[in-house]
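First the structure, in the form of structure tokens, and then the observations on it.
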Amino acid sequence: METQQDPMKDDLPLMANTSYMLVKHYVLDLDVDFKSKVIGGVIVLFFETGSQYRKTSSTGKEVCQSQVDETCKMRASEPCHVPATNASACSSKKEYKDFTAYGKGEEDTSDRNGNHSNKEQTSGISSSEDCCDTENPENKDFLLVLDCCDLAVLKVEEVDVAAVSGIEKLTRLAKPNDVSKELENLRNRIVHELVTLPADRWKEQLYYFTCCSQAPGCGDLLFTTGPWSLEIRKSGIQTPADFPHAIRIWYKTKPEGRSVIWTTDQSGRPCVYTIGSPINNRALFPCQEPPVALSTWQASVRTAADFVVLMSGENSAEPVQLQEGILSWYYYVTMPMPASTFTIAVGCWQEVKQQSSTAPVQTNIEFSLPYSDDDFRLVFRICAHVEYPCRFQNPAARLQAVIPYRVFAPWCLMEHCKEHLLQLIPQCLSAAYTTLGTHPFSRLDVLIVPSNFSSLGMASPHIIFLSQSVLPGGTHLCGTRLCHEIAHGWFGLAIGACDWTEEWISEGFATFLEDIFWARAQQQLSHDEVKEQQELKALLRWQRLRDEVQNSEEELQVLRPKKESTGELSESGASLVKYGLKAEKSFMQVHYLKGYFLLRSLARTVGEDSYLVCLRKFVHKFHGQLVLSQDFLRMLLEDIPEQKKSGLTVESILQNWLDTSGIPKPLLEEGETWKECRLVLQVSGEVTKWIQTNQRMRKSSKKKRKQDEVIFQKLLPDQLVLLLESLLEEKTLCPGILQCLEKTYQLREQDAEVIH
């Protein structure tokens with residue numbers, strides 16, 4: 001028997017019952033109010049009936065589903081709420097204005113969970129316990145469950161999509177004259193036809209999504225909010241097929257909501273942005289969080305004219321003035337992705353522009369991998385993902401080594417961005433293209449986020465957040481971090497993990513590819529120099545992994561914590577992200593490091609050139625889809641000649657690398673080899689000099705010190721990190737040595753990793 005999920009525990013609940021109804025598109029219409037620190041407005045969700053009884057995915061792989069519906073047990077019950085306003089009597093544009101005003105100025109009478117204390121409205125209405133069984137064997141109302149947290153939900157209603165002029169041509173059916181079951185069926189039929197339009201009609205599809213989102217309401221829906229969910233039902237509707245497939249939700253965020261952070265930028269101006277929260281975007285808008293809920297979206301965001309709105313959108317939005325002092329920004333995406341990848345940043349950002357005299361960046365041809373005949377066949381075959389306007393099928397996109405890009409930053413950091421970042425972006429984009437081929441996304445914005453950003457970078461569709469820490473100290477840290485985030489365009493975004501506990505699929509691949517991209521982005525590096533730098537990096541990562549394993553809980557060191565249950569869902573589609581809320585996990589790098597070493601080990605077995613060809617093949621086969629670890633491992637092993645496998649099997653890799661804590665056995669044997677690398681030996685020699693100098697300085701006078709001056713060699717940034725870490729192991733370093741280190745290497749002018 002399953003125990004009830006406690007939301008205060010370490011696991012993150014994904015409550016949405018995606019097996020019954022699956023969101024296909026979101027339309028957001030929002031206002032950003034910096035005075036109240038609230039984002040409020042309307043979201044319209046378009047659904048398809050889910051595939052509760054389907055046993056295989058669209059790719060033919062088995063989809064494991066447990067027999068127990070966790071939805072009831074994971075849910076915290078609250079009384080249902082009946083909105084007082086009858087929205088069907090007024091136009092949607094009027095409603096938007098009313099609820100926007102409420103969000104900005106009127107007193108909020110809702111409790112901490114967003115429920116309104118109107119006793120008359122809740123009387124005689126069943127609680128969520130009474131309508132919990134979403135399969136309805138006993139003729140109870142169907143309950144739609146969305147992921148939601150830290151939101152004040154104000155109203156939910158059905159949208160009358162049949163009222164949109166010309167929409168009937170999608171179904172080729174005449175609109176019924178009476179308000180009846182037939183009309184309800186027509187609305188759902190229209191939504192079905194709309195969300196399944198062919199990819200080449202995407203502009204028409206976006207147009208009708210916009211029109212439908214502005215259609216009048218045709219009936220309020222009952223709803224209740226819990227700590228982790230928003231539950232919606234329609235009285236008398238007992239099946240997902242009959243439930244409204246287009247619903248409108250009025251809501252507003254809370255200043256303490258955990259999906260975005262309200263702060264000031266480095267120039268002291270207010271801003272708000274999504275922070276990559278462990279709870280993802282459920283405190284920004286009601287949504288379906290499970291990865292299987294791949295959806296598209298479009299968003300209109302209004303804010304004061306001083307602010308720039310950046311978002312994960314395919315278009316570079318141009319603001320439209322609605323009234324004096326208010327601008328509206330519109331973005332959209334046509335590639336279905338999890339709601340967790342939605343990103344927004346609103347601030348007084350300045351665009352950092354390239355000087356016109358700057359020469360164009362050339363691709364480093366030496367490292368380019370030419371397409372083989374097999375590659376061409378892969379490129380031109382039909383993609384395996386759900387239909388959307390895919391760049392892998394676009395001849396012009398396949399030849400685009402550098403996609404259009406922009407850089408934004410607070411005013412005070414613009415010159416720092418011009419110094420290195422602007423020149424690095426095309427080099428890194430080109431290096432990524434020569435490695436993996438077609439860029440999955442059509443453009444890229446790079447934003448330098450406020451100083452309270454908790455990591456060095458974060459990638460989302462069409463936009464990368466970078467910490468200000470990557471800007472000073474030369475190109476090394478800035479370039480490697482940029483390469484890491486660009487790699488997420490393929491691994492993490494275009495190809496996602498079917499189960500979020502397998503985050504190594506995103507972070508391990510990005511860490512491995514970071515080195516490949518950066519080697520190709522740098523000009524005039526020999527093959528030996530590249531190998532030496534990568535071996536030095538491997539040693540540093542090995543030391544970090546060793547330290548982390550020694551100082552963390554074993555359960556957090558496992559890359560596949562759910563083991564054979566990975567990817568399993570409940571009957572409703574609800575699931576848990578194991579350790580998703582555990583505080584210590586956010587500071588750990590084990591998924592980056594063990595994932596990186598696994599991929600590095602496999603590359604050594606296969607040979608790097610063959611391995612990179614396999615990665616490209618994997619990208620072409622699985623882009624636009626969700627994968628498990630086995631998908632990659634099986635493809636790789638199928639391509640390895642038998643004489644190279646040397647006992648490698650999917651099962652052995654899972655056992656040695658992914659399903660156990662600690663240092664993987666194959667890695668223990670390799671750990672000492674990197675100490676023989678030339679760059680590492682050079683550091684060892686310098687460490688010896690510093691230790692000897694430290695001993696002499698402690699014993700001798702100032703006069704003698706000048707006679708015994710030592711010549712130290714110039715070191716690369718990663719060598720400096722290794723040097724300083726080695727010196728930290730000494731029991732005592734005299735103050736003179738610390739001053740000498742600072743003077744010799746100009747430590748305050750180095751990058752953030754060296755300074756740290």
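The values are calculated or read from the model by the stated rules, or taken from the named source; none is laboratory data. Model, not experiment: these values are computed from the prediction. Every residue, glycine as well, gets a Cβ built from its backbone with ideal geometry; the counts of neighbours run over all protein chains shown. Accessible surface is based on the protein model in full, side chains and every heavy atom, while ligands, DNA and RNA are left aside. Shrake-Rupley method; radii C 1.70, N 1.55, O 1.52, S 1.80 Å.
Couple of notes before you dig in:
- Residue in region 695-704 that is touching a helix residue (DSSP H, G or I) at 6+ places or on another chain (Cβ under 6 Å) and not assigned by the TED database to the domain that holds residue 468 present: yes
Table: residues versus (1) surrounded by fewer than 17 Cβ atoms within 10 Å (Cβ to Cβ); (2) over 24 Å from the mean Cα position of the chain (by Cα); (3) over 17 Å from residue 617 (Cα atoms).
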| residue | (1), (2), (3) |
| --- | --- |
| 384 | yes, no, no |
| 396 | yes, yes, yes |
| 409 | no, no, yes |
| 414 | no, yes, yes |
| 430 | no, no, yes |
| 434 | no, no, no |
| 442 | no, no, yes |
| 447 | no, no, yes |
| 455 | yes, no, yes |
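- Only one of 490, 500 that is over 22 Å from residue 434 (Cβ atoms) and either buried (at least 24 other Cβ atoms within 10 Å of the Cβ) or touching a residue at least 12 places away in the same chain (Cβ under 8 Å) (or both): 500
- Region 388-494 holds no helices (runs of 4 or more DSSP H) entirely within its bounds that carry 2 or more residues that are among the aromatic types (Phe, Trp, Tyr).
- Output for region 292-305, where each listed residue is part of a loop (DSSP other than H, G, I, E, B) and either open to solvent by less than 10 Å² (accessible area, probe 1.4 Å) or modelled with pLDDT under 95 (or both): 292, 293
- Put simply, of 737, 653, 691 the only residue that is in contact with a Leu (Cβ under 9 Å, 6 or more places away or on another chain), aliphatic (A, V, I, L, M) and in the same structural domain as residue 542 (by the TED database) is 653.
- For residue 380, the criteria (1) open to solvent by 10 Å² or more (accessible area, probe 1.4 Å); (2) at pLDDT 95 or above hold in every case but one, which is (2).
- Inter-residue pairs, beta-carbon under 6 Å, first within 17 Å of residue 192 (Cβ to Cβ) and in contact (Cβ under 8 Å) with a residue 60 or more places away in the chain and in region 147-167, second assigned to a loop (DSSP other than H, G, I, E, B) and open to solvent by 10 Å² or more (accessible area, probe 1.4 Å), 6+ apart: 160/216
- Among the residues of region 637-678, those identified as open to solvent by less than 30 Å² (accessible area, probe 1.4 Å), outside any helix (DSSP H, G or I) and within 24 Å of residue 565 (Cβ to Cβ) are 659, 662, 664.
- Considering residues of region 225-261 that are closer than 24 Å to residue 340 by Cβ and either among the β-branched types (Val, Ile, Thr) or without any contact (Cβ under 8 Å) to a residue 60 or more places away in the chain (or both) only, the residue surrounded by the fewest Cβ atoms within 10 Å (Cβ to Cβ): 261
- Selection within region 262-279 - in contact with a helix residue (DSSP H, G or I) (Cβ under 7 Å, 6 or more places away or on another chain) and under 19 Å from residue 342 (Cβ atoms): 278
- You will find that of 692, 713, the residue that is at pLDDT 90 or above and closer than 29 Å to residue 478 by Cα is 713 and no other.
- Here residue 687 meets each of (1) open to solvent by less than 40 Å² (accessible area, probe 1.4 Å); (2) touching a residue at least 60 places away in the same chain (Cβ under 8 Å) with one exception, condition (2).
Residue-wise test of (1) buried (at least 19 other Cβ atoms within 10 Å of the Cβ); (2) at pLDDT 75 or above.
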site: 325; (1), (2): no, yes
site: 335; (1), (2): yes, yes
site: 339; (1), (2): yes, yes
site: 347; (1), (2): yes, yes
site: 356; (1), (2): no, no
site: 362; (1), (2): no, no
site: 371; (1), (2): no, no
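- Sole exception among (1) in contact with a Ser or Thr (Cβ under 6 Å, 6 or more places away or on another chain); (2) among the charged types (D, E, K, R); (3) surrounded by fewer than 22 Cβ atoms within 10 Å (Cβ to Cβ) for residue 269, by number: (1)
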